[in-house]
1. Filter the stretch 430-454 down to the residues that are under 23 Å from Arg315 (Cα atoms) and not acidic (Asp, Glu), then identify the one that is surrounded by the fewest Cβ atoms within 10 Å (Cβ to Cβ).
2. Take the stretch 455-464 and flag every residue that is free of Cβ contacts under 8 Å to residues at least 24 places away in the same chain and either outside the structural domain of Ile411 (by the TED database) or open to solvent by less than 80 Å² (accessible area, probe 1.4 Å) (or both).
3. Within the stretch 357-379, is even one residue open to solvent by less than 40 Å² (accessible area, probe 1.4 Å) and either outside the structural domain of Ile319 (by the TED database) or without any contact (Cβ under 8 Å) to a residue 40 or more places away in the chain (or both)?
4. What are the residues in the stretch 269-292 that are open to solvent by 20 Å² or more (accessible area, probe 1.4 Å) and either in contact with a Ser or Thr (Cβ under 9 Å, 6 or more places away or on another chain) or not polar (S, T, N, Q) (or both), if any?
5. Scan the stretch 170-200 for residues that are part of a helix (DSSP H, G or I) and open to solvent by 10 Å² or more (accessible area, probe 1.4 Å) and jot them down.
6. I'm trying to understand the selection: among the residues of the stretch 433-462, which are of a type in the set (S, T, N, Q) and modelled with pLDDT of 90 or more?
7. Could you list, in sequence order, the residues of the stretch 293-309 that are under 24 Å from Ser335 (Cα atoms) and modelled with pLDDT of 90 or more?
8. Taking the options Val505, Val468, name whichever one is touching a strand residue (DSSP E or B) at 6+ places or on another chain (Cβ under 7 Å) and either surrounded by fewer than 21 Cβ atoms within 10 Å (Cβ to Cβ) or among the aromatic types (Phe, Trp, Tyr) (or both).
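The values are calculated or read from the model by the stated rules, or taken from the named source; none is laboratory data. None of these values were measured; they are calculated from a predicted model. Don't worry about glycine lacking a Cβ; one is built from the backbone with ideal geometry, like all the others, and counts go over all protein chains shown. All accessible areas refer to the heavy atoms of the entire protein, side chains included, with ligands and DNA or RNA removed. Shrake-Rupley method; radii C 1.70, N 1.55, O 1.52, S 1.80 Å.
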Amino acid sequence: MDIEAEIRALQLDSAEDNNATLIPEDAKPEEVEMTDKVEEEGMTDEVDTKSQPVQAEPKVKDKEVADMDCAEVPDEMESQKKRHLNVVFIGHVDAGKSTTGGQILFLSGQVDDRTIQKYEKEAKDKSRESWYMAYIMDTNEEERVKGKTVEVGRAQFETETTRFTILDAPGHKSYVPNMISGASQADIGVLVISARKGEFETGYERGGQTREHVQLAKTLGVSKLLVVVNKMDDHTVNWSKERYDEIESKMVPFLRSSGYNVKKDVQFLPISGLVGTNMKTRVDKNICPWWNGPCLFEALDSVEVPVRDPKGSYRMPIIDKFKDMGTVVMGKVESGSICEGDSLLVMPNKAPVKVLAVYCDEDKVRRAGPGENLRVRLSGIEEEDISSGFVLSSVVKPIPTVTEFTAQLQILELLENAIFTAGYKAVLHIHSVVEECEIVELLQQIDPKTKKPMKKKVLFVKNGAVVVCRIQVNSLICVEKFSDFPQLGRFTLRTEGKTIAVGKVTDLPSRSSA
């Protein structure tokens, strides 16, 4: 099914990448400026006094004083003066994502030769000699035995100009929810495609994870893609330009139909993840005489950092939590900055907490800004009172919490014989929230040509339709309108292991808790 017009009509691009989209009307200045408006408007909002410790001075003033104190203390992150990017590795199962990620860590000096030798022996003992590099990213025994990534692997490496956090997403269709979790934390994506004969075709055909991962990545705000054609050293390929060109020619139209501006936002390059060819240094002309482009490290270094707002209202969706001398939460900062000593709220339960310590890449820091993957030690809350999908939020402008919201949906592909109507049930994935939901009411259908609502009352829609509807969940969840915080207002709907729709939050009820 060709969903080009509908995918683009949904305008699922974040505010920071509007200039690179295919649709002129996407580039709304008010979305780019929305974070500033949120901050200004937030100062006038009523604060829930029950959720705040009683203090003599207003919270706003306290926050300003805390920021001044932090500014006076140089921290490790500021002294590094390196930009930071979160990179998610996506693609069909067995394309070589974990192997490529492991090779990056080895080439950047994060893993020593002795460890590699240990993994080589372990892989050989399992009669899986070519898997040893993947063991760097796939750390649990289940992943190593099956040769399949299950959880999102996480690691860090640096180049001369950039600090990178690697998010190694699972490729198997059974673990797409984990892939969604990884992609929702990423700034850019590395789509790994196997050039081996038959493997590219399996991933690209209908139902293959290459297609689903591309569509999900775009929906989840991954605005830039590096498409690495892996396994170019395989005996069925032998660095063939014809095979590389064939894969590129098939991928480009699909990437366009998924909403990517191929000229501005996508870059192709050939590599061998297993042996590291064309990764840290450019491939030798004796091996690949036709390639004149960059190596993988150069391509990663050239990607632009998305626009971020360090002064916005603090938002950090929590993806995990554990006990360690207190309660520690993990997540990516989507907006604002955090400083040791800050008073914040854990939403949706409005629990007031204090920041005891902030850790970035294993290092303790005084202050961290948007885009960083952090571990934050908190006081004032127990670990069992926090769930994935909760959000660490500013007190002055807490994130809204709702059980119902209005959204614009793009129907991708429903299950066979299914009709999308009021009463339809699915699983909602929005930032780190995974929650069962129900479509309460279809409000209006959008004409894909004019982008305007149709006058006819809509009772049901089919594949490819764009519809505005009300969605209800069983428990309070933290969401934002897409126009205010794109990363916290875009979502997917899945049912029976299949992504059936993508959408954006357009309106929240006026009675929503905040």
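1. Val434
2. Going residue by residue through the stretch 455-464, those that are free of Cβ contacts under 8 Å to residues at least 24 places away in the same chain are 455-458.
Passing the criteria: only Val458.
3. Yes, some residue in the stretch 357-379 is open to solvent by less than 40 Å² (accessible area, probe 1.4 Å) and either outside the structural domain of Ile319 (by the TED database) or without any contact (Cβ under 8 Å) to a residue 40 or more places away in the chain (or both).
4. Kept after step one, since they are open to solvent by 20 Å² or more (accessible area, probe 1.4 Å), are these residues of the stretch 269-292: 274-275, 277, 280-282, 284-287, 289-292.
Selection gives Leu274, Val275, Lys280, Arg282, Asp284, Lys285, Ile287, Pro289, Trp290, Trp291.
5. Residues of the stretch 170-200 that are part of a helix (DSSP H, G or I), as a first pass: 173-183, 199-200.
Lys173, Ser174, Tyr175, Pro177, Asn178, Ser181, Glu199, listed by residue number.
6. The initial filter retains those residues of the stretch 433-462 that are of a type in the set (S, T, N, Q), namely 444-445, 450.
The answer is Gln444, Gln445.
7. If we filter the stretch 293-309 for residues that are under 24 Å from Ser335 (Cα atoms), which is where we start, we get 300-309.
Across the stretch 293-309, the qualifying residues are Leu300, Asp301, Ser302, Val303.
8. Numbers: Val505 fails: either surrounded by fewer than 21 Cβ atoms within 10 Å (Cβ to Cβ) or among the aromatic types (Phe, Trp, Tyr) (or both).
Being touching a strand residue (DSSP E or B) at 6+ places or on another chain (Cβ under 7 Å) and either surrounded by fewer than 21 Cβ atoms within 10 Å (Cβ to Cβ) or among the aromatic types (Phe, Trp, Tyr) (or both) holds for just one of Val505, Val468, which is Val468.
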